[in-house]
1. Starting with the fewest neighbours, write out 435, 127, 94 ranked by other beta-carbon atoms found within 10 Å of each beta-carbon.
2. Give me the Kirkwood hydrodynamic radius of the range 112-332 in Å, from all C-alpha pairs, to one decimal place?
3. Would you mind checking 189/463; 65/454; 65/387; 65/90 for any pair whose Cα atoms are more than 23 angstrom apart?
4. Using only alpha carbon pairs under 8 Å that are at least six residues apart, calculate the relative contact order of the chain and give it in whole percent.
5. Can you name the helices of the chain, as whole DSSP H runs, whose Cα span along the helix axis is 30 Å or more and whose Kyte-Doolittle mean is not below -0.5?
6. Give the peptides 471-478, 133-140, 68-75 in descending order of average Cβ contacts within 10 Å, highest first.
7. Straight-line reach from residue 196: which aspartates and glutamates fall under 16 Å, measuring Cα to Cα and dropping same-chain residues less than 8 apart?
8. Any chance you could run the full-extension gain for residue 320 through residue 271? It's 0.36 nm times the residue separation minus the Cα-Cα distance, nm to one decimal.
Amino acid sequence: MAEPLGTQANPLRVAIIGSGPSGFYAAAHLQSQADLITEIDMFDRLPTPYGLVRGGVAPDHQKIKSVTKAYERIAADENFRFYGHVEFGKDVTHADLVNYYHAIIYAVGAQTDRRMDIPGEDLPGSHPATEFVAWYNAHPDFADHPFDLTQENVAVIGLGNVAMDVIRILARTPDELTETDIADYALDKLKRSSVKNIYVLGRRGPAQAAFTNPEIKELGELDDASVIVAQEEVTLDPVSRQYVDSGEDKVATKNVEILKGFAAQGGDTGKPRKIIMRFCVSPVEIIGTDRVEAIKIVKNALVPDDKGNLKAVPTDQFETIPVGLVFRSVGYHGVALPGVPFDDKKGTIPNTLGRVLTAPKTGEQVIGDYVVGWIKRGPSGIIGTNKPDSVETVNSLLEDVKAGKTLAPATPNRAKLEALLHERGIQYVTFADWHFLDMAEQERGEFRNAPRLKFSRVDEMLKAIKERKTATQEMQAAAAATPPPLPAD
């Protein structure tokens, strides 16, 4: 008779696709089940873990990255394994994984930007903000991506925290960036940047801005940049004024207060760079022949809908701003995974409480498939928001385990999975291997007093791991071969 699932003799085998915060929080909740033995295998396309904590959090926000200490503890569990440099859909497929696991959790995030669908959006010099973020964070996919920082005028479209990150990186001095973990090639290019004027364009007003208080406040603390906000830009419509005065949304109230403070300063403080905040405007065209030359915007009016929410309605007032570079930060969008249901409209995997469905709303449950994070709910919240989201999904998984609704893998065995990877010639990276790379990056960062200097190419990462591992093994072998000292007389 077979042992019950979740026992030492028959552990619950769970694959997690993606190694960002939502994946680690899902692993942690599985590990916290005292009455359940679970083997967790986490896969990532890159050799490095942590997802957007490594590749998305701005380099000048190192404190946020300390959350990885908690992920280190999760990965240290004896029943946890990390398989980096393994791409789902290519190196291993859904059809492969059902042979080795009782459940699969997708934690791949939202990997692209939403489009604006306006003329000129794809002109050279017009970029999704995610690409710039990945570039300065040394993501291997974007290390060679071209950004023309010889332009003096730049437009950043959007009022979220990612837009604020892009603005700060464009506006900071080299001295401010040197002691961060920004990519070395990005630092070199930013040192030669010609950017002088950064136009920040928001569809709605100051009270509706999505950035948080620290993010907007930080713009006013930059060494070489002034924040320019005209008084009319922070004059609220009656509905927004009532909303702010109610104190219902403390973040919005503080944001407006900070912006009014910038307006009261009178703008230009004599610093060489200017951050010019514009509200209630929408791009209608990016203008240029061979590349971006200007951006055309329309003034919006904020009009309450039948639910009392303010909609941005375009007026007949247009303006053209000369810019040579545009960063579009109007939201993230998920990417479909091979063999996994996908909602093209929402950019998410259709689900209910984290259980994957064959189609949105009316679909049936895909037994054994679960989803967490942005690919589950869309791009919302901060790193910590992923924790309750992942707990919800894992609770659904645990309910299904009790009900016997799991996959029935033919070979629920980790050694067999690793044998498959070896057979296919996949050079996977373990968490111990990641530690070798982590140490190498930290040592590289010491020469500029930075937390680390990241490797930005996969082949360089694999080479660094191999060299560090070989050197460590040789030292250990030498130590083992050295006879112990003779006892003193």
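1. On the way: 435 15, 127 22, 94 19.
So the residues, fewest neighbours to most, are 435, 94, 127.
2. Taking the inverse mean of 1/r over all distinct Cα pairs, the range 112-332 comes out at 17.9 Å.
3. The answer is 189/463; 65/90.
4. On the way: 963 pairs, mean separation 99.6, N = 489.
Relative contact order for the chain comes out at 20 percent.
5. TM-like helix candidates: 458-481.
6. 133-140, 68-75, 471-478
7. Of all the aspartates and glutamates, those that pass the test against residue 196 - Cα under 16 Å, at least 8 places apart if same chain - are 148, 152, 223, 224, 268, 293.
8. Values: separation 49, 0.36 × 49 = 17.64 nm, distance 2.48 nm.
Extra length from residue 320 to residue 271 when fully extended: 15.2 nm.
We did not get these values from a lab; they are worked out from the coordinates using the rules stated. Treat the numbers as computed from the prediction; the structure is a model and nothing was measured. Please note: Cβ atoms are built from the backbone with ideal geometry, for glycine as well, and neighbour counts cover all protein chains shown.
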